[in-house]
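To start, the structure under review is shown below, and the notes come after it.
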Amino acid sequence: MTDSVLTKTEGGVGYITLNRPDALHALNFDMCETILAALRVWAQDPDVHLVMIDHADGTRGFCAGGDIAMLRESGLSDGKEARAFFAEEYRMNAAIKSFPKPYLALMDGVTMGGGVGLSVHGSHRIATERTLFAMPETGIGLFPDVGGGWFLPRLRGELGTWLALTGARLKGADVAAARVATHFLPSELIPNLKAQIAEADFSAGAAEMLGEILARLTHAVPAGSFEADMDAINACFAGDSAEAMVAALDTDGSEWAVKQAETIRTKSPETVKVALRQVREGAKCDTFEDNMRMEYRIGWRKVQSPDFIEGVRAVIIDKDHAPKWAPATLEAVSEADVSRYFAPLGEDELSFD
């Protein structure tokens with residue numbers, strides 16, 4: 001157990017409260033372990049009808065990701081601690097995805113990386129005007145994990161490919177317009193939502209009751225600000241070649257397209273290609289567990305990769321934002337360089353026991 005995440009049951013509701021404000025509620029092993037244990041118990045508990053996850057009142061959140069500094073330190077040694085974290089986090093993601101009761105995530109604030117994994121696989125996901133969503137991992141030589149291979153290619157068109165490769169941010173109602181969130185609610189109404197949930201009787205039909213509450217409070221979702229660029233997103237981010245995508249953006253020549261190409265060129269070339277293959281392979285996976293096994297294979301190796309070590313140094317530790325990627329260009333990254341991340345792990349494959 002850990003004070004960094006608080007769990008309780010009350011009135012038929014299982015509550016998960018992220019409580020690590022100094023790190024924007026970034027996940028560590030103990031937090032994942034606590035959440036996973038609670039979900040496994042509540043899934044079988046007939047007195048728990050609904051789960052709600054949020055962050056501690058009066059703190060900034062929702063969840064900024066995972067413990068990146070720990071992952072790097074582990075990667076600089078034997079990688080065991082990082083791999084143990086990934087295994088527990090990915091089992092937690094799978095438990096959320098398969099949870100047999102309504103799972104409500106209040107994505108009120110920064111929701112990146114591990115925070116996406118805590119929310120996007122749940123049945124009900126609320127964005128507010130303060131929500132800031134991103135999967136920025138290619139900028140530190142990691143990859144959009146926590147189920148990114150599953151949910152990103154299942155967004156409309158090539159929206160997920162664009163988000164994965166560029167690390168683009170979606171804000172507020174755009175998070176719901178992209179269907180990363182299922183509902184949009186002004187943050188000032190969250191106390192009202194929590195009060196109604198606390199007072200409701202979910203025993204006769206939790207999904208229906210929650211649906212009624214959300215219908216009364218949530219607002220209509222306007223068209224996303226990205227809509228103006230959807231034709232370009234679908235045209236330029238199609239196919240399996242990152243080089244071709246950058247070339248298509250250059251050819252498009254619009255201000256938006258040029259900016260996307262410039263952004264991709266700042267990311268780890270190897271990781272851009274790994275992320276692209278990840279979302280393409282994830283689209284073909286029959287089950288969420290199959291996708292998470294694939295991501296574990298990538299994560300197992302990525303924590304000790306030179307680009308991850310260098311990316312975290314440049315962005316998180318030294319903050320010079322001048323990583324020296326190796327290889328330095330997309331063209332220099334071979335198919336073999338990418339494929340090795342996806343090779344089976346034998347007896348070390350991720351299990352969900």
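What the table below lists for this structure:
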| read-out | value |
| --- | --- |
| Ser268 being under 23 Å from Leu163 (Cβ atoms), polar (S, T, N, Q) and in contact (Cβ under 8 Å) with a residue 40 or more places away in the chain | yes |
| Conditions (1) crowded, with 18+ Cβ neighbours inside 10 Å; (2) under 27 Å from Glu243 (Cα atoms): number failed by Leu350 | (2) |
| Listing of strands (runs of 3 or more DSSP E) fully contained in the range 85-138 that carry 3 or more residues being within 20 Å of Leu50 (Cβ to Cβ) | 103-107, 124-127 |
| Scope the range 150-163; condition part of a loop (DSSP other than H, G, I, E, B) and of a type in the set (A, V, I, L, M); matching residues | Leu155 |
| The range 177-196: number of residues that are of a type in the set (A, V, I, L, M), more than 16 Å from Met230 (Cβ to Cβ) and in contact with a strand residue (DSSP E or B) (Cβ under 6 Å, 6 or more places away or on another chain) | 2 |
| Criterion violated by Arg313 - all others in (1) surrounded by 15 or more Cβ atoms within 10 Å (Cβ to Cβ); (2) of a type in the set (Lys, Arg); (3) under 20 Å from Leu152 (Cβ atoms) satisfied | (3) |
| Members of the range 236-249 found to be within 14 Å of Glu331 (Cβ to Cβ), surrounded by 14 or more Cβ atoms within 10 Å (Cβ to Cβ) and of a type outside the set (A, V, I, L, M), listed by number | Glu243 |
| Filtered residue count, the range 118-146, keeping only those that are free of Cβ contacts under 8 Å to residues at least 60 places away in the same chain and out of contact with any Asp or Glu (no Cβ under 7 Å at 6 or more places or on another chain) | 8 |
| Hits in the range 282-308 - residues which are more than 23 Å from Leu76 (Cα to Cα) and in contact with a Phe, Trp or Tyr (Cβ under 7 Å, 6 or more places away or on another chain) | Gly282, Cys285, Phe288, Glu289, Asn291, Met292 |
| Qualifying position, being out of contact with any Cys (no Cβ under 7 Å at 6 or more places or on another chain), farther than 27 Å from Met92 by Cα, modelled with pLDDT of 95 or more and surrounded by 18 or more Cβ atoms within 10 Å (Cβ to Cβ), among Ala215, Ala232, Ala228 | Ala232 |
| Filtered residues of the range 324-353 (kept if assigned to a helix (DSSP H, G or I) and either under 17 Å from Val274 (Cβ atoms) or in contact (Cβ under 8 Å) with a residue 12 or more places away in the chain (or both)) | Leu330, Glu331, Ala332, Glu335, Ala336, Asp337, Val338, Ser339, Arg340, Tyr341, Phe342, Asp348 |
| Search result, residues across the range 4-14 that are outside any strand (DSSP E or B) and either at positive phi or among the charged types (D, E, K, R) (or both) | Gly11, Gly12 |
| Count - residues of the range 15-49 that are closer than 18 Å to Leu104 by Cα, within 22 Å of the chain's Cα centre (by Cα) and not in a helix (DSSP H, G or I) | 6 |
| Restricting the range 41-99 to residues that are more than 30 Å from Gln196 (Cβ to Cβ) and of a type in the set (S, T, N, Q), the residue that is surrounded by the most Cβ atoms within 10 Å (Cβ to Cβ) | Ser74 |
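Quick grid of which residues meet (1) in contact with a helix residue (DSSP H, G or I) (Cβ under 9 Å, 6 or more places away or on another chain); (2) over 29 Å from Phe202 (Cβ atoms); (3) not hydrophobic (A, V, I, L, M, F, W, C):
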position	(1), (2), (3)
Leu27	yes, no, no
Asp45	no, no, yes
Arg60	yes, yes, yes
Glu81	yes, yes, yes
Ala95	yes, no, no
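The values are calculated or read from the model by the stated rules, or taken from the named source; none is laboratory data. Bear in mind that the values here come from a model prediction, so they are computed numbers and not experimental data. Here Cβ is always computed from backbone atoms with ideal geometry, including for glycine, and neighbour counts include all displayed protein chains.
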